[in-house]
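A quick write-up on the structure given underneath.
The values are calculated or read from the model by the stated rules, or taken from the named source; none is laboratory data. Since the model is a prediction, treat every value here as computed from it, not as a measurement. For neighbour counting, all protein chains shown are included, and Cβ atoms are generated from backbone atoms with ideal geometry for every residue, glycine included. Note: accessible area is taken over every heavy atom of the protein model, side chains too, but ligands, DNA and RNA are not part of it. Shrake-Rupley method; radii C 1.70, N 1.55, O 1.52, S 1.80 Å.
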Amino acid sequence: MMKKLFMTLAILTLVMQPAFAFTLSSADQSISTCPSNTGLFVAQVGNSGSSTETYSLGVSGAASGWASVAPAGFALGPIQSQDVYVYVTPSSNAQAGNYPLTLTVSSGSSSQNLLFDYEVESCHDISLTSQVNELSVCSGNSASYTLNLRNEGQWEDTFDLAVSGEAGPWSSLSRNSVSLAPGESEQVSVLVTPPRNNVGVYSLAVSATSQSAGVVVAQSLTIT
């Protein structure tokens, strides 16, 4: 008898308690942008319970330092829904890669998580190619390499040029820096003059460094 009474009271208690159920969803959970550009995730919170509930929101994960949520909290009546906007703006020096972001929505003792994937694109790409990678020259005479520098990124950038390697001290560049719009290219020449009586095979490297992002590309050359 006592067991039946206890079960009846438990059922009545559950019936009398308000429902805290809600739904959390998003049509697009993956976005990519360049550093310093803003990406937007839109999530939907729906009250599937039978009473008005208050919701609080927060973010966590590797991309959370770049993220903000609007609104940060709200109340919904039964069957009502609310769009939630998660703005993500990677810092200008953010490294290319994938960064997880978790949106957490809480109501009372209930909470749900929604995982987003934010990709920071590599938007400062450079290509540096040479028409000829190896030249032979008599010591004391000069050899010239022609290289093509191309801005493969999405923004205008200035690239600093430098030479290094065994033949670096004998080499000079036609330009020390080049400014290029996206997709634009320019030729740069390297003049190498080995000292007299130097005989052998010597290495030479030409590098281009993005002033905006520090991205470096290098081309290896050889002089005999």
Query - J(HN,Hα) series, the range 202-216, from Karplus relation 6.51 cos²θ - 1.76 cosθ + 1.60, nearest Hz, glycine and proline x - result: 10, 8, 8, 10, 10, 10, 10, 10, 5, 5, 7, 10, x, 5, 10
Query raised in the report: Which length gain, in nm to one decimal place, applies between Ser60 and Ser144 when the Cα-Cα distance is subtracted from 0.36 nm times their residue separation?
Result: 24.8 nm
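Calculate the FRET efficiency for Ala162 and Ser122 from the Cβ-Cβ distance with a Förster distance of 25 Å, rounded to the nearest 0.05.
Once the sixth-power term is evaluated, E becomes 0.70.
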Report summary line: SASA check, Ser177, accessible area w/ 1.4 Å probe, all protein chains in place, rounded to nearest 10 Å², comes out at 50 Å²
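FRET efficiency for Ser130 and Ala27, Cβ-Cβ distance as r, R0 = 41 Å, nearest 0.05? Please report the intermediate quantities before stating the final value.
On the way: r = 48 Å, r/R0 = 1.16.
Rounded to the nearest 0.05, the efficiency is 0.30.
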Report summary line: Between the alpha carbon centres of the range 19-59 and the range 192-223 the gap in Å comes to 52 Å
Query raised in the report: In the neighborhood of Ala143, defined by Cβ-to-Cβ distances under 15 Å, what is the net charge if each Lys or Arg adds +1 and each Asp or Glu adds -1?
Result: -1
Query raised in the report: Given 0.36 nm per residue, what is the gain on full extension from Ala205 to Gln154 after removing their alpha carbon distance, in nm?
Result: 15.8 nm
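Net charge around Gly97, counting only other residues with Cβ within less than 14 Å of its Cβ (Lys, Arg = +1; Asp, Glu = -1)?
With Lys, Arg at +1 and Asp, Glu at -1, the net is -3.
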**Report entry** Relative counts (whole %) of C-alpha pair distances in the chain, using bins that are 10 Å wide
**Finding:** 7, 22, 16, 14, 12, 10, 7, 5, 3, 2, 1, 0
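Set the Förster distance to 25 Å, then compute FRET efficiency between Ala218 and Ser172 from the Cβ-Cβ distance, nearest 0.05. Walk me through the intermediate numbers first.
Working: r = 17 Å, r/R0 = 0.69.
Approximately 0.90, to the nearest 0.05.
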Query raised in the report: How do Ser60, Ser109 rank by accessible surface area computed with a 1.4 Å probe, from largest to smallest?
Result: Ser109, Ser60
Requested in this report: Would you mind telling me which residue in Ile31, Ile79, Ile126 has the biggest mean-square fluctuation in a Gaussian network model of the chain, where springs connect alpha carbons within a distance under 10 angstrom?
Outcome: Ile79
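How much length is gained on full extension from Asn93 to Phe74, taking 0.36 nm per residue of separation minus their Cα-Cα distance?
Values: separation 19, 0.36 × 19 = 6.84 nm, distance 3.43 nm.
Taking 0.36 nm per residue and subtracting the Cα distance, the gain is 3.4 nm.
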Query raised in the report: Can you give the accessible area of Arg150, probe radius 1.4 Å, in Å² rounded to 10?
Result: 80 Å²
Query raised in the report: Can you pull the Kirkwood radius for the range 35-97, inverse mean 1/r over Cα pairs, to one decimal in Å?
Result: 13.2 Å
